[in-house]
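Below is one structure, written out as structure tokens, with a few remarks after it.
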Amino acid sequence: KTLVEDVKKPTVVLALDQSESLAAVLKGDTLETFRNEWEAAKNRLSEKYEVEEYAFGEEPRQPVDFQFSDKVTDISRVITLVSDLHAGQNLGALVLATDGIYNQGSNPLYLANKLNAPVYTVGLGDTLIRKDLILKRVFHNEIAYLGDKFSVQVDVSARNCAGSNTN
């Protein structure tokens with residue numbers, strides 16, 4: 001009889017947002033400090049875990065290059081990639097370093113449940129709440145004929161827009 005025991009460390013995936021929205025915040029000394037902290041965290045984690053790094057924006061890729069030049073942020077693609085690559089494996093955690101602004105793909109909150117591992121976020125960027133109008137829902141008739149009168153209901157949400165007018 002032969003007994004083979006293979007013990008693997010859990011994997012921690014570090015994913016860094018490489019979109020242009022972070023370029024305005026992470027520059028100069030701030031970027032250098034962040035890069036040093038990123039490397040230090042990676043080294044500390046590698047003592048107990050297998051560490052993988054991904055850059056993401058338009059699409060997930062390796063290595064992390066700290067360029068912040070992607071025009072699009074698709075957080076859902078990196079979550080899906082990690083889920084697919086580590087399905088049935090010992091995934092310890094996913095650490096997302098991002099400003100949370102995604103402009104492509106599905107809502108990342110719905111995909112995080114697929115991982116069966118905790119998702120930790122490192123919030124980057126500006127924390128100020130900006131003036132914003134959001135078109136929440138539009139209710140309308142599915143069919144309308146020429147000359148018919150019909151109503152349309154629009155739910156609009158506004159943030160920091162007190163006393164403002166909009167079209």
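Computed over the chain, the range of Cα coordinates on each principal axis works out to 83, 51, 24 Å, biggest value leading. Here the relative contact order of the chain, from alpha carbon pairs under 8 Å that lie six or more residues apart, stands at 22 percent. Computed over the stretch 1-94, relative contact order equals 41 percent, with contacts defined as Cα pairs under 8 Å that lie 6+ residues apart. Pairing the Cα long axis of helix 28-45 with the longest principal axis of the chain, what angle in degrees results, from 0 to 90 and rounded to the nearest 10? Relative to the chain, helix 28-45 is tipped by roughly 50 degrees. Which one, Asn103, Ile143, Leu14, is farthest towards the positive end of the dipole of the chain when Lys and Arg carry +1 and Asp and Glu -1 on their Cβ? Of the candidates, Ile143 comes out farthest on the positive side.
Could you work out the relative contact order of the stretch 83-145? I mean the mean sequence separation of Cα pairs under 8 Å and 6+ apart, divided by the number of residues, in percent. That works out to 40 percent. Expressed as a fraction of 2.2 N^0.38 Å, the C-alpha radius of gyration for the stretch 55-116 is 1.10. Summarising the label geometry, the points placed 7 Å from Cα in the beta-carbon direction at Lys9 and Lys131 lie 5.1 nm from one another.
Summary of the geometry: the stretch 49-121 and the stretch 139-167, compared by the centres of their Cα atoms, lie 36 Å apart. Against the chain, whose longest principal axis comes from its Cα atoms, helix 75-85 is set at around 40 degrees.
Return one whole number: the accessible area per residue of the chain in Å², for a 1.4 Å probe.
Per-residue accessible area for the chain comes out at 71 Å².
Protein heavy-atom surface of the stretch 32-167, 1.4 angstrom probe: 49% of the accessible area is carbon and sulfur, with nucleic acids and ligands not counted.
Residues within the reach of a label modelled at Thr166 (point 7 angstrom out along Cα to beta-carbon, backbone nitrogen below 17 Å), restricted to the stretch 128-153, are 129-139, 153. Over the stretch 18-167, what is the percentage of antiparallel beta bridges among all DSSP beta bridges, to the nearest 5? Of the beta bridges lying entirely in the stretch 18-167, close to 55 percent run antiparallel.
Magnitude of the charge dipole for the chain, about its Cα centre and with charges confined to Cβ atoms of Lys, Arg (+1) and Asp, Glu (-1), is about 480 debye.
The values are calculated or read from the model by the stated rules, or taken from the named source; none is laboratory data. Every value quoted in this text rests on a predicted model; they were computed, and no experiment measured them. Here the Cβ is made from the backbone with ideal geometry for all residues, glycine too, and neighbour counts use every protein chain on show. Please note that ligands, DNA and RNA were not included when accessible areas were found on the heavy atoms of the full protein model with its side chains. Shrake-Rupley method; radii C 1.70, N 1.55, O 1.52, S 1.80 Å.
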